[in-house]
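Trainee: Have a look at this one before I ask anything.
The values are calculated or read from the model by the stated rules, or taken from the named source; none is laboratory data. Just so you know, these numbers come straight off a predicted model, no measurement behind them. For neighbour counting, all protein chains shown are included, and Cβ atoms are generated from backbone atoms with ideal geometry for every residue, glycine included. Please note that ligands, DNA and RNA were not included when accessible areas were found on the heavy atoms of the full protein model with its side chains. Shrake-Rupley method; radii C 1.70, N 1.55, O 1.52, S 1.80 Å.
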Amino acid sequence: MRKILATFALTALVFTPTAQAQDVGDIVAYAALVGSPTGGLAPVVTPTMMGAQQTGLGYSFRYGRVTGDNAPNNFGAGISLPVQTLGTIGFTAGYLSPSETGVDGWMMLGANFNRGLMNTAIGAGSSLNVGLDVGLGWGNPEALTLLSGSIGLPVSTVVGQGNWRVVPFVQPGFGYGRASADGASESGTRFLLGAGLGFVDGTRGIGLNIGMQKVFIENGENVIGLGFTWNPRR
């Protein structure tokens, strides 16, 4: 069953053939992370990354393309809301659409919590910010359930004055992935690295983002993403 889980994950997510020589747990962890919002969608700029506290409902729309031939496209939409002064909690619903003929897509769900840990001014209108992001993900390919989790430390810099701000960021992290079917399961862990660049209108709360997500595994592919965020001021 372990080999069946790994083979299904490789087929569904279009891994490179040489990845099959790796540890089954590593392959399953990669599949579960990329097959759910945890690693299948690139991170976007949040109010936390700008050193601010979210004050109301926020919205996001994201697209991720797994690099490589016949690789899948991932789509996601989410909402986020503040939890008193503790931080922000968000929920994402998405869909993985394989490019390979004969492979069905599947729904993905995710949840995450993030909060700021440090905010330091580094000049007029500029700041350095460090946060904490904890995520959970779920994907449901045919006959298989994927579960994932991650913890990351987003580090961002806010640059500029006036309405528009430029926000480059990196988000190193550690992820867990699990695949199960017919009472059998396999799991593993992988390091992650997200990075991106956001252009945020502080007045209207609109953000345009480009980014990437890397789940580290030999011959693994990257996720290249675009995102639109809206955090209207209250």
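Trainee: Would you confirm, using the coordinates I've provided, whether V45 is buried (at least 17 other Cβ atoms within 10 Å of the Cβ), β-branched (V, I, T) and over 18 Å from the mean Cα position of the chain (by Cα)?
Mentor: no
Trainee: May I ask you to list the residues in the stretch 173-187 that are open to solvent by 60 Å² or more (accessible area, probe 1.4 Å) and out of contact with any helix residue (DSSP H, G or I) (no Cβ under 8 Å at 6 or more places or on another chain)?
Mentor: The initial filter retains those residues of the stretch 173-187 that are open to solvent by 60 Å² or more (accessible area, probe 1.4 Å), namely 174, 176, 178, 182-183.
Those that are open to solvent by 60 Å² or more (accessible area, probe 1.4 Å) and out of contact with any helix residue (DSSP H, G or I) (no Cβ under 8 Å at 6 or more places or on another chain): F174, D182, G183.
Trainee: Let me spell it out: the conditions are (1) modelled with pLDDT of 90 or more; (2) within 20 Å of M108 (Cβ to Cβ); (3) open to solvent by less than 50 Å² (accessible area, probe 1.4 Å), and I206 meets all of them except one. Which number is the exception?
Mentor: Result: I206 passes all but (2).
Trainee: Okay, next question. Can you find even one residue in the stretch 95-104 that is within 18 Å of E221 (Cα to Cα), more than 21 Å from the chain's Cα centre (by Cα) and not aliphatic (A, V, I, L, M)?
Mentor: Yes, the stretch 95-104 contains a residue that is within 18 Å of E221 (Cα to Cα), more than 21 Å from the chain's Cα centre (by Cα) and not aliphatic (A, V, I, L, M).
Trainee: Going by what's in this entry, would A111 be described as open to solvent by 20 Å² or more (accessible area, probe 1.4 Å), touching a strand residue (DSSP E or B) at 6+ places or on another chain (Cβ under 8 Å) and outside any strand (DSSP E or B)?
Mentor: It is false that A111 is open to solvent by 20 Å² or more (accessible area, probe 1.4 Å), touching a strand residue (DSSP E or B) at 6+ places or on another chain (Cβ under 8 Å) and outside any strand (DSSP E or B).
Trainee: Right, something else. Return yes when V166 is crowded, with 21+ Cβ neighbours inside 10 Å and either closer than 20 Å to G194 by Cα or out of contact with any Gly (no Cβ under 6 Å at 6 or more places or on another chain) (or both) and no when it is not. Working first, answer last.
Mentor: Details: crowded, with 21+ Cβ neighbours inside 10 Å: no; either closer than 20 Å to G194 by Cα or out of contact with any Gly (no Cβ under 6 Å at 6 or more places or on another chain) (or both): yes.
No.
Trainee: Tell me, yes or no, whether the stretch 214-234 has at least one residue that is of a type in the set (V, I, T), farther than 21 Å from P72 by Cα and surrounded by fewer than 22 Cβ atoms within 10 Å (Cβ to Cβ).
Mentor: Checking the stretch 214-234: not a single residue is of a type in the set (V, I, T), farther than 21 Å from P72 by Cα and surrounded by fewer than 22 Cβ atoms within 10 Å (Cβ to Cβ).
Trainee: Please count how many residues of the stretch 190-203 are more than 12 Å from the chain's Cα centre (by Cα), surrounded by fewer than 16 Cβ atoms within 10 Å (Cβ to Cβ) and in a strand (DSSP E or B).
Mentor: So the count comes out to 4.
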